[in-house]
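Down below is the structure, laid out as structure tokens.
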Amino acid sequence: MHRSSSPLSADRIFMDSIEIRQSFKALDYSRDGKKIETSHFTFEAFMSAKLATVLTSENPAGQDVAALRQVFASITAESCPHLYNFHMHTTHSDGQLQPELLMEQAIDLSLRGFAITDHHRVTGYQAAQDWLDLWRQTAQAMDRTPPRLWIGTEITSQLLETEVHILGFAFDPNQRAIAPYLNGTAPTGEAAEAGNVISAIHQAGGLAVLAHPARYRRSFHDLVPAAVECGIDGVETYYAYNNPKPWQPSPKETQQVRQLSAHYRLLNTCGTDTHGLSLLQRL
Ligand SMILES: [Zn+2]
Ligand SMILES: [Zn+2]
């Protein structure tokens, strides 16, 4: 899997830097041909500022797929909901939490990492990310490690003629394969086929995970292998199927799904699938 090439690639920055260096050189001489002091320093400072901006916009933290893969590899039954949580909804889809209130809760809980996974939308994530960027600059943020927030979405898909939900994480939302899945409505026809959904997530540089594998009309014993055929990266192994309080992954399902995921060498994720007002519960 590789990240799609962005128009602001390192090559492009290098080419730009040559052009800009030349124009800085031209500035080294005033009109009467006498050498004036400009600087190398100005040029270097300019370029490093430019590079920093571009690198951040090219690979924002929310799209850091390598870091997310590492976190997924460390997930256990104890990770969710107090350390990590990779499934939650905001008012931007069918959830009740405003992104800003969700962020306040994530910080109060001292979550290490999480993803917002609204159905077919990333606007809730974007509002939360904007809030987090501002919060980082406040005095309150000084003595705290902010949680890591990843971009996510949940896409309604067809697998073995069964409706399933596929979670996408750490993708580039502007990449053209995935953009049509983020317009607020569930895909239909060919576009909804799990293979196409997973491929779109991959083309956008992200990871695809089969959500709540034991919640469908068809058994996860059939669905997981079929998802593997389609290129799925992981399964939401740790999920609370009957909304227990306090939240805990359903023991029987977890054990069986974990066996399958080990067999197919899949990543395991965890999530509360929060639709209500508490990140510690589903509803
Ligand atoms: Zn779902
Ligand atoms: Zn969900």
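Bear in mind that the values in this text are calculations on the coordinates, not laboratory data. Remember, it's a predicted structure, so these values are computed and weren't measured experimentally. Don't worry about glycine lacking a Cβ; one is built from the backbone with ideal geometry, like all the others, and counts go over all protein chains shown.
Counting the residues of the stretch 266-278 that are in a loop (DSSP other than H, G, I, E, B) and either away from ligand 1 (no atom under 16 Å from the Cβ) or in contact with a Cys (Cβ under 7 Å, 6 or more places away or on another chain) (or both) gives 5.
Do we have any residue at all in the stretch 70-80 that's closer than 19 Å to His212 by Cβ, hydrophobic (A, V, I, L, M, F, W, C) and part of a helix (DSSP H, G or I)? Checked the stretch 70-80: at least one residue is closer than 19 Å to His212 by Cβ, hydrophobic (A, V, I, L, M, F, W, C) and part of a helix (DSSP H, G or I).
For the stretch 199-226, enumerate the residues that are more than 13 Å from ligand 1 (Cβ to nearest atom) and closer than 12 Å to Asn268 by Cα. Across the stretch 199-226, the qualifying residues are Leu207, Ala208. When restricted to residues that are surrounded by fewer than 23 Cβ atoms within 10 Å (Cβ to Cβ) and either free of Cβ contacts under 8 Å to residues at least 40 places away in the same chain or out of contact with any helix residue (DSSP H, G or I) (no Cβ under 7 Å at 6 or more places or on another chain) (or both), the stretch 213-246 contains 17. Scanning the stretch 254-273 for residues that are within 16 Å of ligand 2 (Cβ to nearest atom) and touching a helix residue (DSSP H, G or I) at 6+ places or on another chain (Cβ under 8 Å) gives a single hit, Thr269. Among the residues making up the stretch 89-118, those that are within 16 Å of ligand 2 (Cβ to nearest atom) and crowded, with 20+ Cβ neighbours inside 10 Å are His89, Thr90, His92, Gly95, Leu97, Pro99, Leu102, Phe114, Ala115, Ile116, Thr117, Asp118.
For the stretch 151-165, filtered to residues that are among the β-branched types (Val, Ile, Thr) and surrounded by fewer than 24 Cβ atoms within 10 Å (Cβ to Cβ), the residue that is farthest from ligand 2 (Cβ to nearest atom) is Thr162.
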